[in-house]
1. Sort by residue number and name the cysteines in the protein assembly as shown that have no neighbouring cysteine Cβ under 4.7 Å.
2. If I model a spin label as a point 7 Å beyond the Cα along the Cα-Cβ vector, how far apart are those points for B:Leu97 and B:Ser46 in nm?
3. Calculate the length of the line joining the C-alpha centroid of region A:245-286 to that of region B:62-111, in whole Å.
4. Shielding of B:150-156 by partners, i.e. mean partner chain Cβ atoms within 10 Å per residue?
5. Under the 0.36 nm per residue contour assumption, what length would be gained going from the current alpha-carbon distance of B:Arg136 and B:Ala113 to full extension?
6. Can you list the lysines whose alpha carbon sits under 29 Å from that of B:Lys146, skipping same-chain ones fewer than 8 residues off?
7. Roughly speaking, what is the centre-to-centre gap between region B:15-59 and region A:60-135 when only Cα atoms are used, to the nearest Å?
8. If each residue's Cβ is checked for other Cβ atoms within 10 Å, how do A:His205, A:His14 rank with the fewest at the top?
Amino acid sequence: MVRIADLVRPDGVHASVYSDAAIFRLEMTRLFGRTWLLAAHHSQIPEVGDYVLSRIGDQSIIVVRQTSDRIGAFYNRCPHRGARLKHADSGSATAFVCPYHGWSFQLDGAVRFVPAREEYPAGHCDGRGLERVANVATYRGFVFVNGSASPSEPLEEFLGPMKDVIDDLVDRAPADDLEIAPALLRHRYRGNWKLTFENLNDTIHAGVAHAVAARVADAIIAREPAAAQDPMLGLMSANGKPVKFFQQLRMTTSPHGHSYFEAHMPTAYPPAIHREYFETLAGARGNAEADRILATARHLGLLYPGSTWHARYQTVRLVQPLAPDLTEVITLCFRLKGAPESTMASALGYCNGSSSPLSSVITDDLEIYEAIQRNATSGDAWLSIGRGYRPGQPDDRQVAATSEAYIRGQYAAWQHRLQEA
Amino acid sequence: MQRSALTESVREFIESELWLLDNGQLSEWLDLFDPQGIYWLPVNPSETTPDRAPSLVYESRLALEARIRRLEDSRIVPQLPASRTCRFLSGLVCRALEDSLIEARAKCLTVEARPLHDPADPQRIFAGVSTYRLVRVGESFKIRQKRVDLVNSEAGLHGVSILL
């Protein structure tokens, strides 16, 4: 049996945390299985019977609108022989019918029909409804699930300061609601899920791993200044800032492994978009509130261990572990209800550039994750998470954005969860 | 121009385009696009606009230039070692649109390998339909838009650092 305490030091982590199958199983049951995970957005399932597939760790779940004001979630597994009930990513159902033997279940999970039911002993089928995901809760239209019957804290306490990041996204919609775009982006890599969480708020890697992307974008912007408005070029260029710039930004970490830092990409809209957008937002929320919302400048919020959030660019990513060495990242882009359509174009540019498997930025990261994974599988190495660490002292909650305090915070949460029997 | 003659000249143009990509002549490939040129890989094959939902790629000429310049740099990690590719074209159909634009659709197949990369990283195949909007320029064409609908556009793809 692995001893979790032996794998993490204050300033280091053993590489087997990325590759060991036993650790991965523990992560699935004790971390992903017992924490709040973003599963869906209410706009994906507007009508009763609408469902969307999501995941708790490596397990498929069905998130379904059971009544106009009730959303539930079930493991996507027939209690009879374990077949998948739903194969399509989303759809609408009046009941869940298993494609194997035809057992069927109501939207509340109760058994509705069993073929040849008379052949079972009395009562055998009655209690065999769909296995319910223990807890479902929503925050501002986002549906979170928790596989634990007794979560260690309620959703909002778990979110903590990350509520501001979600508020920042929904507040930007003049109609106070979001609508998911009708396609999702997905990318995969042959590496551990934690590599994404450790990379996304790593400001030092940007100027090295993405140096070429930044240099070529800067050269084009120097020649044609208007190109700076192109979200793809803006994203490529933003990675080239000097270390000193990032050292002056603040990163905020919170219990449970979450973190976010101040914006490093431009958050202001081009003047023409800003004028029109400000008017609609101020019309709905008042001038002062519209000013406050549009001046909020945060870069990625990492909601450990399941999702990452970028309010200004209306983009949320789900990080889904499929195996110790296989991860899928699903990217959701949202339309701000009531806002000018021009805000969507700005969001889509960032979304494509930051999340497509063909991105000129993240293909650098994906290749490096896979190389780390190959080394982690074959070696016996301690890796450093020591940037910004002061020996013997706990990390402050507010640190320079170049500190690896956010990774140390992730491993503190990780160790805590994995050691809970 | 007779319809079959048009198809033949478009076929010649697209085959030479694919040779440029296979040969790594990316700047020459970029020069095939006209100044308003767009390179688009939608997620959803029935998508008619890039304005509603994310795309795998939706790039104007300038963003596409940045993509090309990066791929031309021999230091980027996802091209160490560089991909070798072999592209095929089949089933070309052409039709004239208004404003002297020509639409060409064809089935395309790209095989990619990265020699001496991780042996677990297999040769990959990208198959789909390419739809070109071409502008006639003298005896040849410029690309106003190249759209590629991969058969697995909605799947979680591993990083792709070649042009399709």
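1. Among the cysteines of the protein assembly as shown, those whose Cβ sits 4.7 Å or more from every other are A:Cys125, B:Cys86, B:Cys94, B:Cys108.
2. Between B:Leu97 and B:Ser46, the simple spin-label model gives 2.1 nm.
3. One Cα centre to the other: 36 Å.
4. 4
5. Working it through step by step, the gained length comes to 4.9 nm.
6. B:Lys107
7. Value for the Cα centre distance between the two parts: 44 Å.
8. Sorted ascending by nearby Cβ count, the order is A:His205, A:His14.
Each value in this text was obtained by applying a stated rule to the coordinates, not by laboratory testing. Every value quoted in this text rests on a predicted model; they were computed, and no experiment measured them. All Cβ positions, even for glycine, are placed from backbone atoms using ideal geometry, and neighbour counts span all protein chains on display.
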